[in-house]
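Each reported figure results from applying straightforward, stated rules to the coordinates on display, with no laboratory input. Fair warning: this is a prediction, and the values are worked out from it, not measured in the lab. In this analysis, Cβ positions are derived from the backbone assuming ideal geometry, glycine residues included, and neighbour counts consider all displayed protein chains.
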Amino acid sequence: MDSFNALAVVFILQVVALAFVYNTKHSSPYVRAYSIHDQPETLVFDDTQGLGREFEGIGAISGGGATSKLLVNYPEKQRNEILDYLFKPNFGASLQIFKVEIGGDMQSTDGTEASHMHNQWDENYSRGYEWWLLQEAKKRNPNIKLYCLPWGFPGWIGQGTTNPFVNPKQTADYVVRWISAAKTQYNLTMDFVGIWNERMYSIPYIKTLRKMLDDRGFHKTLIIAADKKWEIATDISKDEDLASAVHAIGCHYPGTYSSAPAKKTGKPLWASEDYSTFNNEVGGGCWARILNQNYVNGEMTSTISWNLIGSYYPQLPFFRDGLMTATQPWSGHYVVNTPIWMTAHTTQFVPIGWQYLAQGYGVGKLPKGGSYVSLSNPSFDQLTIVIETMTHNHSKCIRPNLPYYTVQPQTVKLKLQGSFIKIEKMNVWYSKLGLDGSTQQMFIKKQDLFFQNNEAELKLGLDEVITLTTVDSGRKGSHPDPPVAQPFPQVVADNFSGYVEHQEPNYLAPQIGSLEVQEINGERVARQTVLERPVYWCKAEKAEKTISIIGNHSWTDMNVSVSFSIPSVNGTTGVFVATRVDRGGCDSLHAKGIFFYVFPQDDQFIVSGDLARTHIMTKGKIRLESGKHTISLEVSEGKAVGQVDQTQLFSVAVAGSSTNGWGAIGTDTFGYADFDDFLFKGPQALKFRTLW
């Protein structure tokens with residue numbers, strides 16, 4: 001080799017070496033080598049080609065079924081940690097919208113939530129736990145948007161019907177009173193209000209509600225309608241007054257697609273309830289996919305999860321359909337599930353008010369499956385890109401059906417144009433479900449992605465979420481590991497003396513009716529407060545009975561004991577204790593178990609194999625004077641034994657009855673009943689009763 005050629009070879013090797021060093025320092029770790037036959041496709045990010053819609057936030061729902069029932073009972077330390085993961089900015093999910101149920105004394109999926117007006121002559125804003133949760137969310141994030149919606153209404157609103165809009169002014173007054181109390185009593189401003197969850201809407205009512213909000217000073221409380229599908233879009237397009245009253249069209253479970261009439265209205269489009277999926281890794285994949293594709297496919301600018309947190313008894317409907325799980329207040333154990341970090345990929349880097357880029361210029365489908373969205377701030381000096389590659393089987397939501405599609409590993413070239421040409425590098429946040437046998441990674445800060453000549457290459461695998469952003473404030477927050485899980489306590493005793501008045505008792509989860517601690521004749525009791533059938537949301541409210549459950553659904557043997565008294569005015573006809581209750585939620589009316597009813601006015605007791613009393617196991621006579629009495633039911637060693645005031649009334653074999661379930665107390669009809677000195681014992685407590 002002559003000297004010239006030798007120098008040329010040395011020069012080429014030096015250039016290659018320098019290029020290798022530069023790329024090692026400045027390129028993405030996701031860049032892969034590709035052949036001339038595998039050139040990456042280019043994704044352009046450019047604000048000069050027009051812009052998309054304004055981003056209005058990602059949120060979650062507490063309520064729509066007493067879904068936060070157990071959370072309020074947690075020890076303060078763990079409770080605060082959970083709330084941080086949900087609401088604290090730049091920590092966990094960093095939620096931007098918090099939606100709550102306006103309680104209506106009726107079953108709304110996993111339980112009931114108390115109304116602020118059980119009756120037309122009654123008004124109280126200390127009931128339930130939503131006020132507390134709203135305050136905690138606002139304390140952590142003063143900028144969070146608050147949203148309220150009724151799932152049902154107390155019976156007096158319907159005036160003997162199942163239609164809450166018989167008198168639009170009365171119903172609007174009922175709702176606006178709640179909104180007003182939020183402001184005057186808790187300094188909480190409701191940013192949004194809905195109509196009636198997943199049920200009929202009334203145009204006269206919507207207009208009346210808008211006028212009443214304005215007349216009472218709530219001009220900034222905007223209406224989202226109508227929380228079912230996209231039907232109201234047709235009415236909005238024909239009615240200017242209705243269009244003026246409604247801020248956004250809210251649809252439930254849209255499957256990432258909106259309707260042409262809805263888009264044509266020009267209104268913001270919301271997935272005002274979505275997800276509703278078991279929060280394992282597949283649930284995380286569902287949530288990641290729809291957070292992107294609700295906009296890519298349907299131009300929806302807000303997505304709200306049902307529900308906030310799975311904090312209700314296992315075996316109730318839709319168990320663990322929350323962003324995280326907290327079902328053990330007795331131990332303090334909770335789980336931070338994958339949807340928390342899927343949420344963070346957007347919420348920690350995209351404030352409300354940013355704008356989506358245009359389809360094809362920052363928003364779209366990836367060449368080999370998956371999707372991407374891009375958003376920028378009003379001055380266009382910040383940019384966030386969220387990419388997801390969720391595969392079909394690892395991102396199915398509970399509803400609707402997901403048509404089959406494929407995703408392949410791919411490399412894409414990112415090209416920045418317009419206002420973004422000055423961006424030299426972006427932060428990289430990465431998650432991978434790990435369902436293909438690889439290691440799961442959740443919300444990990446990776447090496448920065450550098451751009452050369454406004455371009456960078458990115459390698460994408462399967463079931464990944466990648467956020468590229470100029471925003472530097474992202475953080476994966478953490479708390480020490482929570483206490484280990486423990487089984488439900490073997491003994492729960494409660495005389496209700498330690499409660500703030502009007503709160504709901506711990507652990508007792510109303511499925512029909514509403515329990516509330518009240519001071520009656522100088523003594524704190526748990527009163528069943530519903531006097532008439534509510535304007536119900538689901539079939540459970542067709543019952544006239546009430547029931548509240550407690551315990552471990554897998555238990556077979558247990559003892560339930562409670563003192564009761566029935567007021568002479570508006571009192572129920574009878575009370576019961578129950579064991580082995582097999583179901584709750586909207587199917588509570590058909591619950592089976594062992595139910596021990598006492599009817600003081602009729603001087604009789606009945607033992608039934610179901611709540612509806614269609615399967616009578618035994619019955620008999622009993623005479624009770626007015627006042628307080630104690631009723632107990634124990635199931636053990638294959639038999640059920642019932643007592644009143646420590647006098648045994650029956651002992652029956654329970655072979656063929658429900659084999660396991662919750663304990664419960666309740667009433668035979670709507671009407672007042674006062675409960676006290678509640679005692680619940682599990683199988684180990686019965687087995688070793690001398691130790692308890």
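Could you please report the charge total around residue 604, scoring K, R as +1 and D, E as -1 over all other residues with beta-carbon less than 14 angstrom from its beta-carbon? Around residue 604, the charge tally is +1. Classify segment 470-566: rounded, prolate or oblate, from the alpha-carbon gyration tensor (a ≥ b ≥ c, eigenvalue square roots; a/c under 1.5 rounded; otherwise prolate if a/b is larger than b/c)? Judged from the Cα gyration tensor, segment 470-566 comes out prolate (a/c at least 1.5, a/b above b/c). Using θ = phi - 60° in the Karplus curve 6.51 cos²θ - 1.76 cosθ + 1.60, the 3J(HN,Hα) couplings for segment 83-90 round to 5, 4, 4, 7, 10, 5, x, 6 Hz; x is entered for Gly and Pro.
Extents of the chain, largest first, come to 118, 62, 41 Å (Cα atoms, principal axes, whole angstrom). Phi angles of segment 664-675 translate, via the Karplus equation with coefficients 6.51, -1.76, 1.60 and θ = phi - 60°, into HN-Hα couplings of 7, 10, x, 10, 7, 9, 4, x, 5, 8, 10, 10 Hz per residue; Gly and Pro are given as x. Remark on residue 552: its backbone amide H falls under 5 Å from those of 663, a criterion applied only to residues 5 or more positions apart or on other chains, H modelled at 1.01 Å from N. Relative contact order of the chain: 15 percent, from C-alpha pairs under 8 Å at least 6 residues apart in sequence. By the rule of a C-alpha distance below 14 Å, with chain neighbours fewer than 8 residues away ignored, the aspartates and glutamates paired with residue 138 are 84, 130, 191.
Isolated cysteines in the chain, defined as those with no second cysteine Cβ under 4.7 Å, comprise 148, 251. The 3J(HN,Hα) values that the Karplus relation (6.51, -1.76, 1.60; θ = phi - 60°) gives for segment 276-286 are, in residue order, 6, 10, 3, 8, 7, 5, 5, x, x, x, 4 Hz. Gly and Pro appear as x. How about segment 96-136: which chymotrypsin sites (Phe, Trp or Tyr not before Pro) there are in a DSSP loop, with at most 12 other Cβ atoms within 10 Å of their Cβ? Counting only loop positions with at most 12 other Cβ atoms within 10 Å, the chymotrypsin sites (Phe, Trp or Tyr not before Pro) in segment 96-136 are 121.
Ordered by the count of other Cβ atoms within 10 Å of each Cβ, fewest first, 345, 629 give 629, 345. Working value for segment 488-529: equivalent-ellipsoid semi-axes of 18, 14, 7 Å, each the square root of 5 times a Cα gyration tensor eigenvalue, largest first. Stretched out straight at 0.36 nm per residue, the stretch from residue 441 to residue 359 would grow longer than its current Cα-Cα span by 26.6 nm. When the helices of the chain are scored as -39500 (n - 2.57) per DSSP H run of n ≥ 4 and the total is divided over every residue, the value at 222 nm lands at -6000 deg cm²/dmol.
If you take the Cα centroid of segment 198-215 and the Cα centroid of segment 536-572, the two points sit 35 Å apart. Amide H contacts of residue 575 (H built 1.01 Å from N, in plane; Pro and chain starts excluded): 598, 668 sit under 5 Å, all sequence-distant by 5 or more or on other chains.
Sparse packing (at most 14 other Cβ atoms within 10 Å of the Cβ) combined with a DSSP loop state is found for none of the trypsin sites (Lys or Arg not before Pro) in segment 549-604.
Give the separation of the Cα centroids, segment 590-656 to segment 412-451, in Å. Each part's Cα centre sits 64 Å from the other's. Under the combined filter of DSSP loop state and at most 13 neighbouring Cβ atoms within 10 Å, segment 552-660 retains these GluC sites (Glu not before Pro): 625, 637.
Take the alpha carbon atoms of segment 151-187, find their center, do the same for segment 334-394, and report the distance between the two centers in whole angstrom. Between the Cα centres of segment 151-187 and segment 334-394 lies a distance of 38 Å. Shape analysis of segment 57-344 places it in the oblate category; the axes a ≥ b ≥ c from the Cα gyration tensor give an a/c of at least 1.5, with a/b not above b/c.
My understanding is that a pair violates if its Cα-Cα distance is over 31 Å; which of 396/545; 183/238; 207/545; 69/476 do that in this structure? Result: 396/545; 183/238; 207/545 exceed 31 Å. Peptides 515-528, 664-677, 284-297, ordered by how many other C-beta atoms sit within 10 Å of their residues on average, highest first, read 284-297, 664-677, 515-528.
Counting every other Cβ atom within 10 Å of each residue's Cβ, 223, 421 order from fewest to most as 421, 223. The lysines whose alpha-carbon is closer than 20 Å to the alpha-carbon of residue 425, local same-chain residues fewer than 8 away aside, are 25, 413, 415, 445, 446, 459. Counting only residues at least eight positions apart within a chain, or on another chain, the aspartates and glutamates with an alpha carbon under 12 Å from that of residue 539 are 587.
In terms of its C-alpha gyration tensor, segment 182-336 comes out oblate, because a/c is 1.5 or above while a/b does not outweigh b/c.
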